[in-house]
Amino acid sequence: MLDMFNTITIIHSERSKMGKVIERVKITNVFEPSKSTEIDALIDKGATMVVLPQDIVRELELRKVRDVKVRYANNKVEMKPVYRAVVIEIFGREGTFDIICEEEGSQPLIGQVVLEVLDLVVDPRTRKLMPNPASPETPMIDIFMTTSPNSGHMASLRYAQIAFGKLHISPQNVIRHANCGA
């Protein structure tokens, strides 16, 4: 998550092997689809973003777009590069995301943003990643508004999950819905 200081929080701490959720993930360069790989990634609901090691970033030939401050679970803050963009596919569900680059050989990590966009959950009993049982066929996109989209009135967008992971929304953003007819 970004805070008022544009710091991305990666809350990842060493956990016992029993508590880890590892999933096979397909990652593809958006701009060069022939650059693709499948990796075993740590699914971490406490983390925010996607983290890939430098060797995978190099293999996919991703483009650096900026640097961000990253805060770790131990409150250490560092500047890390952000690369654009990959398609992440898990259980046939896919979305497009920027990634944070860590040192070569580090554990690939999938954070909460991906889980929300792809509508995936961790079953607390089995510690397995799975599609949300409330929407098993396709990801559910939640948009909460103060008025109906068909009312023709202004509606304050409170929250949105968008399938491309690149939407920046605050409660001050306002959208207008037009009656499109049915």
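The values are calculated or read from the model by the stated rules, or taken from the named source; none is laboratory data. Small disclaimer: the values here were computed from a predicted structure and weren't measured. Note that each Cβ is placed from the backbone with ideal geometry, even for glycine, and that neighbours are counted across all protein chains shown.
Observations, loosely collected:
- Taking the numbered list (1) at negative phi; (2) assigned to a loop (DSSP other than H, G, I, E, B) in turn, Gly105 passes all entries but (1).
- For the range 110-127, taking the residues that are more than 10 Å from the chain's Cα centre (by Cα) and assigned to a strand (DSSP E or B), the one that is farthest from Ile27 (Cα to Cα) is identified as Asp123.
- Filtering the range 40-88 to residues that are exposed (fewer than 15 other Cβ atoms within 10 Å of the Cβ) and hydrophobic (A, V, I, L, M, F, W, C) leaves Val65, Ala73, Val77, Met79.
- Subset of the range 73-101 [in contact with a strand residue (DSSP E or B) (Cβ under 6 Å, 6 or more places away or on another chain) and over 18 Å from Val114 (Cα atoms)]: Val77, Glu78, Met79, Lys80, Pro81
- Filtering the range 10-50 to residues that are at pLDDT 95 or above and of a type in the set (Ser, Thr, Tyr) leaves Thr28, Ser34, Ser36, Thr37.
- Residues located in the range 65-80, provided they are modelled with pLDDT of 95 or more and under 11 Å from Val51 (Cβ atoms): Lys80
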